[in-house]
Each structure stands twice: as C-alpha cells, then as structure tokens.
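Take a look at the structure below.
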Amino acid sequence: MLSKYSLQGLLISLTALVFVAGCAGPGASSPEKIQRALAVDTVNSVDQYILGATDVVRVSVWRNDDLSISVPVRPDGKISVPLAGDVQASGKAPEELAYDIEQRLGSFIREPQVSVVVTSMGSHEFSDRVRVTGAVTQPTSVPHRSGMTVLDMVLTSGGLSPFAAPNNSMLYRLIDGEMVAIPVRLDDILTRGDISTNYRLRPGDILTVPERSL
C-alpha cells in the first residue's frame, strides 16, 4: 500500500505526464480493472476522515479544561497530550484517537470522556483533490466534494479547448496502489446528452483531455 506522501507524489507526477503527453497518453486499462475501479463506493469515500501529519486537532476532556488542548499532528504521526503523553494520531480516525487518549487518561482520571475535533486538515490538501488537465480552458485542481462528476470538473475548468479530442478523454483512479485508466466520452456527454461515462469522482481522481491529431 502506498503511503500518503507516495500517493501525493504519484498524483503530481501523473498530472505532469498526461499534460505533456497530450493525445499520446497511455491506453485504457482492462475491462476487469475498470469495472473494479468504478465499483468502488464514491458516495461514502470521504465519510471517515483519517488523520495525518500537519493536521491540527482539538482534544477536549470533559470537566478537565486544563487537559484540553489544540495541537498539530507531528511529522512522526504523534501528538502530545497532558498526562497521556505521546499518542499515535496519524492513520486513525478522530474517534479512534479519542478512545486511545481515554485509555491513557484512565490511569489518572475516573471515566474520562474525550472528544477530538479536526480544526485544520492539512494532510489531505493534495491527496483529497480532483484534477482536470490537458485540452481544457484552464487546467484545474479543486478539493473533492461529495457528488462531483466528470462534467462538473469540465465546467469548473471553463470547458474544452478548440483543439480537444473529448471522446478520447481518460479518468485516472488509484485503486490498491495501481492507477486505472477509465475511458470517458466527453463529446457524448456534452453534445448528445449521453451520461453513461459521466462518472462520479473520488478523491485523487485525475481527468485528462487529449488534443486531437492534426
């Protein structure tokens, strides 16, 4: 499994590659891989936030304001909490972190009740974005939002350039450490109302629109 930083590097490298390659980009993945990539749940893909380095969390201990702090997740993935000491935060959901802190504080406080709220989500600044590159008016990178589709990204980028080959577009999706290339027929979506390839997007998706051959 790729680390968060490896994922960010892979996404940035792929974005640069497809932008330069234009219409000479790689072909589609196998039907089996495409089906598996499209079967991944896009509705609940960001329902559970996983903490990472540079996130900032507010740790609140009920009836113990002196133990409640706002603290960033360090590069080593840990945070420092009064009495509890260093606690692993990276890779955990806020609810998991709160439970771990409660277990640590149980030696000092009777039945501690801890809540953890994410106040700054720096670790997902790049990995949770969606991008469109190539023959569009303005190549764009925006934070993922639930319900976003291929068409939303095209409209956000200002539409296609006059040199686009829209039916040769490709959606790249990272699944289990492998980048899957999914064909997208943008011209059919925009001019024929055929939305069969107007896929819902996941965090990290990259849509590329090649230029047509001269």
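Points to keep in mind about this one:
- Beta carbons closer than 8 Å, at least 6 apart along the sequence or on distinct chains, pair a first residue in region 88-101 that is surrounded by fewer than 18 Cβ atoms within 10 Å (Cβ to Cβ) with a second that is assigned to a loop (DSSP other than H, G, I, E, B) and of a type in the set (A, V, I, L, M, F, W, C) for GLY91/ILE50; GLY91/LEU51; ALA93/ILE50; ALA93/LEU51.
- Hits in region 187-211 - residues which are among the aliphatic types (A, V, I, L, M) and either closer than 15 Å to GLY27 by Cα or within 15 Å of the chain's Cα centre (by Cα) (or both): LEU201, ILE206, LEU207, VAL209
- Pick from region 106-124, criterion open to solvent by 40 Å² or more (accessible area, probe 1.4 Å) and without any contact (Cβ under 8 Å) to a residue 60 or more places away in the chain, ranking: nearest to GLY159 (Cα to Cα): SER115
- Region 161-186, residues that are open to solvent by 50 Å² or more (accessible area, probe 1.4 Å), touching a residue at least 12 places away in the same chain (Cβ under 8 Å) and more than 15 Å from PRO31 (Cα to Cα): PHE163, ASN168, ASP176, ARG185
- Cβ-Cβ under 7 Å pairs, at least 6 apart or on other chains, region 190-202 side hydroxyl-bearing (Ser, Thr, Tyr), far side open to solvent by 50 Å² or more (accessible area, probe 1.4 Å) and in a loop (DSSP other than H, G, I, E, B): THR197/ARG185
- Per-region count, region 198-214, residues touching a Pro at 6+ places or on another chain (Cβ under 7 Å) and surrounded by fewer than 21 Cβ atoms within 10 Å (Cβ to Cβ): 0
- In region 131-154, residue nearest to TYR49 (Cα to Cα) [restricted to those that are buried (at least 20 other Cβ atoms within 10 Å of the Cβ) and among the small types (Gly, Ala, Ser)]: GLY134
- For region 97-150, a residue qualifies if it is over 20 Å from VAL57 (Cβ atoms) and touching a Phe, Trp or Tyr at 6+ places or on another chain (Cβ under 8 Å), and the qualifying residues are THR133, GLY134, ALA135, PRO139, THR149, VAL150.
- Every condition in (1) free of Cβ contacts under 8 Å to residues at least 60 places away in the same chain; (2) buried (at least 16 other Cβ atoms within 10 Å of the Cβ) holds for SER70 except the one numbered (2).
The values are calculated or read from the model by the stated rules, or taken from the named source; none is laboratory data. Computed from a predicted model, the values in this text were never measured in an experiment. Note: ideal-geometry Cβ built from the backbone for every residue, glycine included; neighbour counts use all protein chains shown. These accessible areas exclude ligands, DNA and RNA; they are computed on the full protein's heavy atoms, side chains included. Shrake-Rupley method; radii C 1.70, N 1.55, O 1.52, S 1.80 Å.
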